[in-house]
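Peer 1: Here you go, one structure.
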There are 4 protein chains.
Amino acid sequence: MSYARQMLDAYPGTISIDAPVLAGTIEALTDCAQACTADTDDDLSEPNVTEMVRCIRLCLDCADVCTATAAVASRQREELNPAVLRPLLEACAAICSSCGEECERHAHMHSHCRVCAEACRRGEQASRVLLAALR
Amino acid sequence: MSYARQMLDAYPGTISIDAPVLAGTIEALTDCAQACTADTDDDLSEPNVTEMVRCIRLCLDCADVCTATAAVASRQREELNPAVLRPLLEACAAICSSCGEECERHAHMHSHCRVCAEACRRGEQASRVLLAALR
Amino acid sequence: MSYARQMLDAYPGTISIDAPVLAGTIEALTDCAQACTADTDDDLSEPNVTEMVRCIRLCLDCADVCTATAAVASRQREELNPAVLRPLLEACAAICSSCGEECERHAHMHSHCRVCAEACRRGEQASRVLLAALR
Amino acid sequence: MSYARQMLDAYPGTISIDAPVLAGTIEALTDCAQACTADTDDDLSEPNVTEMVRCIRLCLDCADVCTATAAVASRQREELNPAVLRPLLEACAAICSSCGEECERHAHMHSHCRVCAEACRRGEQASRVLLAALR
């Protein structure tokens, strides 16, 4: 069982949302941030780096937004603040979608982009699942 | 002149938004993140820490969201991505507002909360100014 | 297989260090950062929060240092820079050790601290393994 | 007066180190992180991006290490933990030095690298000043 899930199960209060949904989102966003950080460096190692510039920028944004969203989703679980968490998850779904799409364009040439695209797709989906659960 | 402004002035491309507005937002959010990180620790030093729990949580969220927003606003300045930046700025304005309000409640007792409330108010306003410029 | 490992396997260059060792460290530090962020919030939910202040501070430091170390270890893998990475891993091992020890003190009362202590111990060990591989 | 300094002056406890030194380091590292994040994006906008790859990687590392160091230096000010803070500051001085040197190599062509080099030099010096004060 992931730490995200174990920590939620050990939470001393009442969680305002389905624990497996919340843990799943935290994990998917943490994984996505990590994949994007690694993919940035992989892109920088490619001979065709000029063609990877857009991918690098989107990966950097995606890592930052996923990290912040996972952290906010890990706090105040008794009363998750929808005024903050909802637009944050929308931003997160949007950047995961843009970044995943760009990574996919390079997936046939660069296997690291294929892996990162998958992590972004999971991040996007997990953001949307938590968004739906917040409503 | 701040580094944020100097870096924008040295930008090799065309910036899609008024440079002083963008630089002002980046600075205000960076300052706010820093104030919130410090205020978290100040709150933890107070004898009435149990009454500061909500303030601590909001400061932690505020620091994370401001940091991510400042980073995203520092990238792809030729074509700032509104689908990502807009909800991110909305989340940022919302957490700066909640955190600033909570800090203000403690401002008469704790001068560090007064300082942090001011940083949050500037962060909120700067987020709204950039939001307006994005439309 | 973790994304950290998949991304290393897809790396276009030569990795200067054993890939499973590097991937294991990146994962352990990412997990530890995530556990510490969650444990901070769990500690803040405890009725005896005044006794948890030291634990909260160490968890906050531990999350920040593990996040930075995992990010740096994810870059310039062809020539990991020992002048930076070595002291960073030393700082990381030191904070994982302090934080793990403090969490362990509360483990009999708070199961979230038991889980976090375990994540810190893994983070400390992973830092030391990568340190040894760097020499 | 900077927020870093105002927050230290409002600190409810006793600070174990000279407040202006500590505030100066926190500010210099926050500024350096911000400059490096912006410079990464500036480098990515340059036509000769292939020649900027090393600069980009160092800027990314520098931003991460400076951010973590500034955060740790903002906590537990009554008893700054030298076992963690000392190697962290050493890592920070090392990456600021490498990154500043690389930025300087491009300063005659790219004014953003000149600005970033200056921020890195200040970050390096501030890390060394706090290191000396810790002994």
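Peer 1: Accessible area of D:His108, 1.4 Å probe, to the nearest 10 Å²?
Peer 2: For D:His108, solvent-accessible area is about 150 Å².
Peer 1: Tell me, what is the Rg over Rh of the stretch D:14-135, with Rh the Kirkwood radius over Cα pairs?
Peer 2: 1.03
Peer 1: At a 1.4 Å probe radius, carbon and sulfur cover how many percent of the accessible area of chain A?
Peer 2: Using a 1.4 Å probe with all protein chains present, chain A comes out at 48 percent carbon and sulfur.
Peer 1: What relative contact order, as a whole-number percentage, does chain C give when Cα pairs under 8 Å and 6 or more residues apart are counted?
Peer 2: Across chain C, relative contact order equals 31 percent.
Peer 1: Measuring from the lowest to the highest alpha carbon on each principal axis, how far does the stretch C:1-69 reach, largest first, in angstroms?
Peer 2: 51, 20, 14
Peer 1: Label position 7 Å from Cα toward Cβ: report the copy-to-copy distances for C:Glu104 in nm, one decimal, ordered from shortest.
Peer 2: Result for C:Glu104, in nm, nearest copy first: 4.5, 4.7, 4.8.
Peer 1: Calculate for the protein assembly as shown the 222 nm mean residue ellipticity that helices alone would give, adding -39,500 (n - 2.57) per DSSP H run of length 4 or more and normalising by residue count, nearest 500 deg cm²/dmol.
Peer 2: Helices in the protein assembly as shown give a 222 nm mean residue ellipticity of -26500 deg cm²/dmol.
Peer 1: In addition: How big is the equivalent ellipsoid of the stretch C:81-135 along its three axes, where each semi-axis is √(5λ) from the Cα gyration tensor, reported in whole Å from largest to smallest?
Peer 2: Calculated on Cα positions only, the semi-axes equal 26, 9, 6 Å.
Peer 1: Would you mind giving the mean number of other chain beta-carbons within 10 Å of the Cβ of each residue in B:8-21, as a whole number?
Peer 2: 3
Peer 1: Give me the mean projected area, in nm² to one decimal, of the convex hull enclosing the Cα positions of the protein assembly as shown.
Peer 2: 21.0 nm²
Peer 1: To test your reading of the geometry: what angle, between 0 and 90 degrees and rounded to tens, separates the Cα axis of helix B:111-134 from the longest principal axis of chain B?
Peer 2: 30 degrees
Peer 1: Quick one: what Rg and Dmax do you get for the stretch C:38-97 from the alpha carbons, in Å?
Peer 2: 14.8, 49
Peer 1: Continuing with this model, one more query. Size of the dipole of chain A about the Cα centre, Lys and Arg at +1 and Asp and Glu at -1 on the beta carbon, nothing else charged, in debye to 20?
Peer 2: Its charge dipole is roughly 440 debye.
Peer 1: For the pair B and A, how large is the buried accessible area, both sides, in square angstrom to the nearest 100, if the probe is 1.4 Å?
Peer 2: That pair hides around 1900 Å² of surface in total.
Peer 1: Once R0 is set to 41 Å, what does the formula 1/(1 + (r/R0)^6) return for the Cβ-Cβ distance between D:Arg114 and C:Glu104, expressed as a FRET efficiency to the nearest 0.05?
Peer 2: 0.25
Peer 1: Averaged across A:102-112, how many Cβ atoms of other chains sit within 10 Å of each residue's Cβ atom?
Peer 2: Per residue, the average neighbour count from other chains is 1.
Peer 1: Residue by residue through the stretch A:52-63, what is 3J(HN,Hα) from phi via Karplus (6.51 cos²θ - 1.76 cosθ + 1.60, θ = phi - 60°)? Round to whole Hz and write x for glycine and proline.
Peer 2: 9, 4, 4, 4, 4, 4, 5, 4, 5, 4, 5, 4
Peer 1: Something else about it: Every other copy gets compared here: list the nm distances from the D:Ala133 label point (7 Å along Cα to Cβ) to its counterparts, shortest first, one decimal.
Peer 2: 3.3, 3.7, 4.4
The values are calculated or read from the model by the stated rules, or taken from the named source; none is laboratory data. Computed from a prediction, not measured in an experiment: that's the story for all the values here. Ideal geometry is used to build each Cβ from the backbone, glycine not excepted, and the neighbour counts take in all protein chains shown. Side chains are part of the model used for accessible areas, which takes the heavy atoms of the whole protein and leaves out ligands, DNA and RNA. Shrake-Rupley method; radii C 1.70, N 1.55, O 1.52, S 1.80 Å.
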